[in-house]
C-alpha cells in the first residue's frame, strides 16, 4: 500500500477492483465504510462476480476476468478526453513532459518496438528518454540527440540520460503525455465494451464517477484504488497495477491522504516476506541479487545503483544512489569480520543468479528431476499450485522433503494423495520429515502488514507437545550442517563457516536479537559531519541515513533500519495518539521507511509546498524553519526548498512518477497494453494476431497443458477465497468449517439452466490439466456476458478445501484440490501464476 | 461464584408487577444493525459462539453462503442471505443479522407461564432463566420473530442473552465488538435510534436509497435491536423480517385478563395454579428434574 | 462456572414476590448472572496471523503467569486499542481460540521412509541429524562454483526453501541468512503466489 488501512477513511472516491476486501480483509474494509459514513464517499466495485464487497457499493460492474487493463485504459482515455486530469501535478510530478527517444513504437499491432520473436523478448533500448534540454514546441528536436561521451571515458552502461529532453507544455508529439494519449485513444468506450463485456453506458457511468474528483480542475478531492491478487494473478498482472498507478498519477492522487494505489496483500506477513527477500530475485530491502556478470562488488554495485535522469531545471534526490551503503552493510551483517574490503566484503559468498528461479520454475525443475530436496515451512505448496497434480508428481521425484507445519497438510502427505494406489506408494522414494512447529500464539516476533507497519507480538502460551519454535528448528539444522562442514569439509564451505551467529543461545536464537541485527549497528565509532552527533561502536543505528559503504556499519535490511534503535523496540510501541485525525498513528508500531505512513507524501502539496487540500494536511514546507514538516514524516529531502523543484518520487531516478516506464523496468512494455489471458474464449479485439502477452512463455513438460475454446473449453473460471475461511488453514478449524462446510462452484443461473444443473447438484469442472468435483451454487450474482458479440459464461470456485481437513478426513468432502485446474503460466515481471481467468468445461457429475 | 446481579422489571408467569419495578432509573440498551454496511462475514456468529462456548454444529451447504435455515438453541446469531432482484433488474445481496430482538414488549415473556423463566432487566434485555423454564415452548408462539429455540437434551428454551454477562460488566456484546465494518453498534436506545435515523437520512439524501429507513416495530413496543434498511418498505426481503410484528392475539387475550385479575385481588396466585394445572401440569413432569441441566 | 449460567437469588425474588402482590415492596428483583469469564485471566497482546490487516488480538489465558501455572487459552478477542481493527475481528480472527487449542495440531516429529505407506515417529535429534546430512550431501553433489563461461556463481540449484505467509520478519531473516549462505537460489515464499 502506498497509504494505509486507516487512511482509506480520508477518501472521497474508491475503486475496488481485483480485490474483495469485505470478504478477505473485513477489518480493514471498515475504513471504506467509514469514508462512506463520514465523507459520503462513493464506492465503485468492478469484479467478475457480485461479491460481498459489491453489496456495499454505489456502482457495481461485472467484468470479464482478465480484461482489467482494457477497463482502466478506457478510464485513462476518458479522463484525458474530458480534461479530468490534475494538470499541475501531471506536469511537475510525473514524467509526462519527458520526451521519448525516436524509434519507440506503440503497440498498435500488439508489439512495442524491439520485439524478437525467436526469444520472445524485447530489446528495450528504444524504450528510453531522449537526451537533451528544452524540446518545447511541436517539432521533434533532432538537435537534442545525445552528445558523444567524453574522450577516454568508458562507454556508459545502457541507462537513462542524465539530462532528459522535456517539454513542459506537454505538446511535443513524443513527450510521454502525448504518447500516453495516443496509446489509450484506442481504448474507447465501444472497445471497452467489446473486451470487458461492460455495457458502454455503465462504463461511462463508472468513468465519469471515478474521474469526477478532478471535475473543473478541482484538486481538493481524492480518489483511491484498492486491489489484491485479482490483479496480480494474470500473465499481465504487473501491468494492470501499473495502469492503476498511471491513472492515479494522471488524477494527482498519489502521495495524498485518501489516495494512492493500495495493494491489500493476502496474508499476515507476505509484505514482510517480500521486504525480507523471501523470494529468489531480491535481497533484503529490494536490493537486486547479484548475477554472474557481476564479476566483482564494484560491478554489481554499479549495475544496481541508479543515476539521476531528469530535465535540467529540475532536481532529483535519487535515493537509491545510496545503494552501495545498503549492500555493503548487508554483507557485513552476514559475514562479519570475514567481509573485508580486500575480499569485496565477501561478495562471492553470495550465489549469483541469471535465470528465473521463481515458484513455477521450482516445481518445473523438481518435476524434471533437478531439484532434489525441499524445505517447506508453513507453505502448502501442493495445495497452492498451480497445477497441484504436477507439484505432487514433482515431489514423487525428490529425494527428500522437510515440512515444518502445525497441521497435517496436503504437501507433507502428497505420497498418499487421492488416486495413489498402494503399489504406486511403494515406488515413491521420497523421504518426508514432518516437524511440528509453533503456532502464532506461541511465538513472538514481528509481522509487517500491507500498510508497511511492523508490529511486535508476544507469545501467550508455550508450544504444545513436542513442538519446537520454527527459528530453533532452522538454527539447529543449519548449525548441524555447519558442524559437518567443519568436520568433513565440502564444497565452498566459506559462507557457511563464516556466517555470523552472534546469538546468546546459538541453538535458540531469540527473535529480538534477530530484529536488532536487522536494524543494524555501528561497527566503529561514527560521527555525522553535519551535526557532530556520534554513535559509539556497538550501538544500534537510529536509521538508514547512517549506513556506510566502508564496512563500518551492519544492517540486515536497510528499509527496516530505525525499527530497533538505542531507544528500544519501536515495533512494540502502542501510542494511540492521532493529533491530526488523519489516522497516521505515528507512535503505534513502526512503519518503513523511516516511520513514514503515506509514501511520496511530498506530492500531497502543490509545487510551492502548500497542501492541495487544507483539511487533509500531511506534510508542508515551513518557510521559517526552511524545512518540510507535518503530521507524517516527510517522504522527502527535509531541507529541499520547493523552488529547487526536487521531484517528490525520491525513489525513482527521475524524481517523478513514471507514466512511461523506461528501459528494463518491465519485460513487456513501457505502457500497459491489453492482452488476453493465456486461456481465453475470444481473440484480442485490439490486435487479434497478437492476442496474448508476447513475452509470456509456457512451460513445456507433459504436465503443462493449455486449453483453447476450440477444444470445447469455453467457460471462464476464476478462483478466490471466502470470508469464512483462511486459505488452506481453517479447514482444520471446526468453527470455520461449520460456516462453510463444503466446497462449491458458483454458477450463473442461466448456465445452470442450460446444463440442467440445480443448486446442490454435484458438478464436475474440467480444465486442460485436471478436473474438480463439488456442489453447485447456482447464483444470480454472476451474469452471462457478451464479449465482442459472443455469449460468454464465467464461473467461480473458492480455493479452501483439499485432502486433509476436518471434513476431508471424515470423507464428507470431494477430497480434491481446486488448484489441479489452474495453469502454470506466469506474469513476466512478478512471476505470479495466472490463477484468475482460465478455461474450463462444466457438467453434472 | 459470581456476585453480579441485574435488576428486573418484568417477570414471566408472575402475578403482579416485578418487585421494585420503576424504583431505579436505568437506560435501555440497544443494538443497531445497519444492513447497508453488513458484509455477511459472520464474525458476529463466530464471536457469539466463542463467547458463549457452545459446541459446533454440523452444517450442510445449501446453495447459499447461509449454512443453516434458522437460528438454533446453540446458534443464536445467524446472518440471513438473500439474492434480491431489484426492480431495475440488478442484483442486491441483502444480508441481515438475525437474533433475538429484545422487544420492549416481549411476546415470549407475555406467553410464558413459568414463574421467572423469562425476565426483562431494567436495561431492557430480555433473558431466559433456564432453571425456571418448563420447556413448554409457549414463548415460541408469543414471539413474532421465531427466536426461542428448544434444546431437546435439556428440554429448555434458549436464545440470545444480549451478552448480559458482558453488558452488566460494562462491556459491549460479543457480536457488536467483533463486527468489522461497524454495521453493528451498541449503546442506549435513544442514541441508537438517533444514529439510525441519521444514517437512514444519509442513505436517502446521498446514496439514492429513497426508501431507506429504520426498523423499530411499534407492534412489540419497539425493539432492543433496530435495523437500518435500504428499503424499509420491504423488510421481508431481509431474511423474512416481519413487516408489522405483533404479539399474537391469543397470547394477549389470556395473558391480559390474567394480569388484570392478578392485580385486582389475590386471585392471581389461585389463577396461576389453575392455569398451570390445566395447561402445563403434564409438561412439568418432563422438565422439572433438569435444574442445572441447561448448562451453560 | 460449573453452576448454571445464572441463578435467581431466590430469597430476594420469592420474598419480594410475596409482598409485591400488595404493592409494597421496593426491593428490586434481581437475577444473578454468569461471571465474566475473562475477568481474572491474563491478557497477552498479539497480532492475528491470517490476513494482512494485522488486527491486534487479546489472548486470554488461565492463571496470572505465576511459576506454577501452565497458561492455557480460554478466549481470544480483538484489541480495542489497535488503531486499525479497534477491537473488531472477522470470522477467522474471532475463531483464533480454536486454532490455538486445535486437536488436529501436529505434536511430534515424524518421518515417512521411501516406499512406506505410513508415518513413523522420529526423535528430534535424529531428524535434525538426518536432514543436515541430506542437505550437505545434496549441496556437495550439485554445487556450482563456475558457470559454463567461467564466471563465479557459487550456487546450489538442487534444493529449495519455500516459506509461509505467517513466518515472522525475524524468522524470514534467519532463513535468508542461512539458506543464502548455503548457496540456495530456489528461495520462494507465499508472497510470490
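Would you be able to say whether some residue in region C:173-185 is at the interface with chain A (Cβ under 7 Å from one of its Cβ atoms), touching a residue at least 12 places away in the same chain (Cβ under 8 Å), under 24 Å from residue A:383 (Cα atoms) and under 25 Å from the mean Cα position of the chain (by Cα)? Within region C:173-185 (the criterion being at the interface with chain A (Cβ under 7 Å from one of its Cβ atoms), touching a residue at least 12 places away in the same chain (Cβ under 8 Å), under 24 Å from residue A:383 (Cα atoms) and under 25 Å from the mean Cα position of the chain (by Cα)), the answer is yes, since at least one residue qualifies.
Go through region A:38-50 and give me each residue that's over 13 Å from residue A:14 (Cα atoms) and at the interface with another protein chain (Cβ under 8 Å from one of its Cβ atoms). The answer is A:50, and nothing else. Screening the candidates A:71, A:29 for the property of being farther than 24 Å from residue B:229 by Cβ and in a helix (DSSP H, G or I) yields one hit, A:71. With the structure loaded, tell me whether residue A:402 is buried (at least 23 other Cβ atoms within 10 Å of the Cβ), part of a strand (DSSP E or B), outside the structural domain of residue A:699 (by TED's automatic domain parsing) and touching a helix residue (DSSP H, G or I) at 6+ places or on another chain (Cβ under 6 Å) or whether it fails that test. Taking the combined requirement at face value, the residue satisfies it. Comparison of C:163, C:150 shows that the only residue that is more than 7 Å from chain A (Cβ to nearest Cβ) and either in contact (Cβ under 8 Å) with a residue 24 or more places away in the chain or out of contact with any strand residue (DSSP E or B) (no Cβ under 7 Å at 6 or more places or on another chain) (or both) is C:150.
For region C:84-100, the criterion of being in contact with a strand residue (DSSP E or B) (Cβ under 9 Å, 6 or more places away or on another chain), surrounded by fewer than 24 Cβ atoms within 10 Å (Cβ to Cβ), in a loop (DSSP other than H, G, I, E, B) and not assigned by TED's automatic domain parsing to the domain that holds residue C:131 is met by at least one residue. Got a sec? Which of A:340, A:332, A:352 is more than 8 Å from every other protein chain (Cβ to nearest Cβ), touching a strand residue (DSSP E or B) at 6+ places or on another chain (Cβ under 6 Å) and over 23 Å from residue A:411 (Cα atoms)? Of A:340, A:332, A:352, the one residue that is more than 8 Å from every other protein chain (Cβ to nearest Cβ), touching a strand residue (DSSP E or B) at 6+ places or on another chain (Cβ under 6 Å) and over 23 Å from residue A:411 (Cα atoms) is A:332.
Within region C:42-63, the set of residues being more than 12 Å from chain B (Cβ to nearest Cβ) and either free of Cβ contacts under 8 Å to residues at least 24 places away in the same chain or over 20 Å from residue C:82 (Cα atoms) (or both) comprises C:43, C:44, C:46, C:47, C:52, C:61, C:62, C:63. Of the residues making up region B:66-86, those that are under 12 Å from residue B:97 (Cβ atoms) and in a strand (DSSP E or B) are B:78, B:79, B:80, B:81.
I'd like the full set of residues that are more than 23 Å from residue A:515 (Cβ to Cβ) and out of contact with any helix residue (DSSP H, G or I) (no Cβ under 7 Å at 6 or more places or on another chain), limited to region A:566-592. Hits for region A:566-592 are A:577, A:578, A:579, A:580, A:581, A:584.
Entry remark, region A:562-583: residues being more than 11 Å from chain C (Cβ to nearest Cβ) and either closer than 20 Å to residue A:529 by Cα or in a strand (DSSP E or B) (or both) number 4 in total.
Scanning region A:485-506 for residues that are more than 10 Å from chain C (Cβ to nearest Cβ) and within 35 Å of the chain's Cα centre (by Cα) yields A:502, A:506. Restricted to region A:364-376, and to residues there that are in a helix (DSSP H, G or I) and more than 9 Å from chain C (Cβ to nearest Cβ), the residue that is nearest to the chain's Cα centre (by Cα) is A:364.
Each residue in region C:115-144 was checked for being closer than 26 Å to residue C:183 by Cβ and in a loop (DSSP other than H, G, I, E, B), and 1 of them qualify. Screening residue A:402 on (1) more than 7 Å from chain C (Cβ to nearest Cβ); (2) touching a strand residue (DSSP E or B) at 6+ places or on another chain (Cβ under 8 Å) shows it passes everything except condition (1). How many of the residues in region B:148-174 are assigned to a helix (DSSP H, G or I) and away from chain A (no Cβ under 14 Å)? The qualifying residues number 4.
If you check B:145, B:81 for being within 20 Å of residue B:42 (Cβ to Cβ) and within 11 Å of another protein chain (Cβ to nearest Cβ), only one passes: B:81.
Please pick out the residue among A:719, A:730 that is crowded, with 21+ Cβ neighbours inside 10 Å, closer than 18 Å to residue A:836 by Cβ, in contact (Cβ under 8 Å) with a residue 40 or more places away in the chain and within 14 Å of chain C (Cβ to nearest Cβ).
Of the residues listed, the single one that is crowded, with 21+ Cβ neighbours inside 10 Å, closer than 18 Å to residue A:836 by Cβ, in contact (Cβ under 8 Å) with a residue 40 or more places away in the chain and within 14 Å of chain C (Cβ to nearest Cβ) is A:719.
Residues in region A:691-716 that are more than 26 Å from the chain's Cα centre (by Cα) and in contact (Cβ under 8 Å) with a residue 12 or more places away in the chain: A:701, A:703, A:705, A:707, A:708, A:709, A:711, A:712, A:713, A:714, A:715. Evaluating residue A:271 against the criteria (1) within 14 Å of another protein chain (Cβ to nearest Cβ); (2) closer than 30 Å to residue A:498 by Cβ leaves one unmet condition, (2).
The residues of region A:377-399 that are out of contact with any strand residue (DSSP E or B) (no Cβ under 7 Å at 6 or more places or on another chain), within 26 Å of residue C:129 (Cα to Cα) and in a loop (DSSP other than H, G, I, E, B), listed by number, are A:380, A:397. Scanning region A:97-128 for residues that are under 27 Å from the mean Cα position of the chain (by Cα), without any contact (Cβ under 8 Å) to a residue 24 or more places away in the chain and farther than 14 Å from residue A:183 by Cα yields A:114, A:119, A:123.
The values are calculated or read from the model by the stated rules, or taken from the named source; none is laboratory data. Keep in mind it's a predicted model, so treat the numbers as computed, not measured. Cβ sites come from the backbone with ideal geometry, for glycine too, and all protein chains shown count toward neighbours.
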